[in-house]
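Asks: Let me give you the structure first, and then I'll get to my questions.
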Amino acid sequence: MKPDLIVALGATAARGLMRRTVTISRVRGEVLDLPEGWRGLVTIHPSWLLRMEDEVQKEAEYRRFVGDLQVARKALSGH
C-alpha cells in the first residue's frame, strides 16, 4: 500500500512517520517528503483542543487545525 498522503496527528504520530523527533510547530501544516517516497503532513492531535481551557486560544487553534486539513485536501486534489 502506498498512500498519497499520510496525516500525522500529534507528536507521537509525527515521530513515527518521520522516524525522528520533530517539533510540531516547525513542520505543522506543510506537505513533507518522507522516507520511502511518501508524502506527509503533521498537525496537532485533536484531543489537545479538547484539553485547552482558554476559549479564545482554543478557537484560534481549531481554525489552524482546519487549515492544516485543508492543506491536506489540496495536496490530494493535485494527485
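Asks: Can you name every one of the helices (runs of 4 or more DSSP H) wholly within the chain that holds 2 or more residues which are aromatic (Phe, Trp, Tyr) and either at pLDDT 95 or above or over 9 Å from the mean Cα position of the chain (by Cα) (or both)?
Replies: It comes to 55-77.
Asks: Continuing with the same structure: Just give me the residues in the range 14-33 being buried (at least 16 other Cβ atoms within 10 Å of the Cβ) and not charged (D, E, K, R), in sequence order.
Replies: Ala14, Leu17, Met18, Val22, Ile24, Val27, Gly29, Val31, Leu32, listed by residue number.
The values are calculated or read from the model by the stated rules, or taken from the named source; none is laboratory data. A quick note: this is a predicted structure, and the numbers were derived from the prediction, not measured. Counting neighbours? That spans all protein chains shown, and the Cβs are built from the backbone with ideal geometry, glycine included.
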